[in-house]
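See structure below.
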Amino acid sequence: MRIVVASGKGGTGKTTVATSLALSAGDSVRFMDCDVEAPNAALFLNPVLDNRKEVGIQLPVVDEALCTHCGKCAEVCEFHAIAVIGKKILVFPELCHGCGSCTLVCLEKAISERLDVMGVLESGMTAMGVDFAQGVMNVGEPMAVPIIRELKKWSPAHPFDIEIRDAPPGASCPVVETMRGADFILLVTEPTPFGLHDLKQVVGITRELGIPAGVVVNRDGIGDNAVEAYCAEAGLPIRLRIPMERRFAEAIASGRTLVDAAPEYRAAFRTLLEDITARVAA
């Protein structure tokens, strides 16, 4: 079973929920930090990262001596990453998605490919037996999706029953890629106008993908009841509420997980996981 923990708005407690869920799930758990621009789950789970792999996309390399400047490569590229102007061919690496279409359609075999390294994948085990993996994007790279896609494909060190993906914040392509192939989306929000606004955006993605979802309300007790009213209207079950407490904030700031700071919540996260399992199996 694959569970994505997403939020829309950054700073809602998504990683707090994802790491606590992983630590409460028992054996045979895989955790993937898909927030490749700013991964931070390792700060709380403390894995020994002993596996490393460079990842990126295949960029086209044109052999001008073979190129007839027919323009077929430019026609097939939906991202406009390659252009033919007269007898000159231009490649724009920042726009390329590495799909390989230009290479396939070139009848003259004038296009080859080279790996453009965009980041690294890292993996290892935690002291609690969680099989951990994360992607780290190089500074200045324009696209996170290729790294997330490769992270999802990377073989785990051990077989697993539950995979928990910590999604990037927002509602853009990296979030969509993280959600693809998931069985359930756990949406973390806070009872504020900003939290509600971004929750609605991510709910739209889950429905477009046809993946069932539930909500965790973090910092419960602040703001207003607009999130609760929206969830009731939208048919989104609120699976867990985490109150606004100083001890939680102090624990997170010191690199401790929620279930470490408040062990009584471990049972609540186990119940949450059981509810999700029942929902997926239904």
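Figures for the structure shown
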quantity	calculated
Segment 54-63, residues that are surrounded by 13 or more Cβ atoms within 10 Å (Cβ to Cβ) and touching a residue at least 60 places away in the same chain (Cβ under 8 Å)	V55, G56, I57
Test: residue in segment 115-123 that is assigned to a loop (DSSP other than H, G, I, E, B), touching a residue at least 12 places away in the same chain (Cβ under 8 Å) and in contact with an Asp or Glu (Cβ under 7 Å, 6 or more places away or on another chain)	no
Of all residues making up segment 20-36, the number that are surrounded by fewer than 16 Cβ atoms within 10 Å (Cβ to Cβ) and either over 15 Å from I3 (Cα atoms) or in contact with a helix residue (DSSP H, G or I) (Cβ under 9 Å, 6 or more places away or on another chain) (or both)	2
Residue match in segment 77-88 (condition: out of contact with any His (no Cβ under 7 Å at 6 or more places or on another chain), assigned to a strand (DSSP E or B), closer than 30 Å to L23 by Cα and not assigned by TED's automatic domain parsing to the domain that holds P169)	no
Some residue of segment 208-227 being under 20 Å from A25 (Cα atoms), assigned by TED's automatic domain parsing to the domain that holds L21 and among the charged types (D, E, K, R)	no
Qualifying positions in segment 64-88 - closer than 15 Å to A110 by Cβ and exposed (fewer than 10 other Cβ atoms within 10 Å of the Cβ)	A65, K87
Residues (in a helix (DSSP H, G or I) and over 12 Å from the mean Cα position of the chain (by Cα)) located in segment 127-165	K153
Residue count, segment 151-164 (criterion: within 25 Å of Q58 (Cβ to Cβ) and at pLDDT 95 or above)	2
Residue match in segment 249-268 (condition: buried (at least 19 other Cβ atoms within 10 Å of the Cβ), within 22 Å of D161 (Cα to Cα), free of Cβ contacts under 8 Å to residues at least 60 places away in the same chain and not hydroxyl-bearing (S, T, Y))	no
Meets criteria (over 15 Å from K14 (Cβ atoms), touching a helix residue (DSSP H, G or I) at 6+ places or on another chain (Cβ under 8 Å), among the charged types (D, E, K, R) and assigned by TED's automatic domain parsing to the domain that holds C173) for R270	yes
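A quick yes/no check of all residues on (1) closer than 30 Å to L196 by Cα; (2) assigned to a strand (DSSP E or B); (3) of a type in the set (G, A, S):
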site	(1), (2), (3)
G10	yes, no, yes
T16	yes, no, no
A22	yes, no, yes
G26	no, no, yes
F31	yes, yes, no
F44	yes, no, no
Q58	no, yes, no
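The values are calculated or read from the model by the stated rules, or taken from the named source; none is laboratory data. All figures in this text were calculated on a predicted structure; none of them were measured in a lab. With ideal geometry, Cβ positions are generated from the backbone for all residues, glycine too; neighbour counts draw on all protein chains shown.
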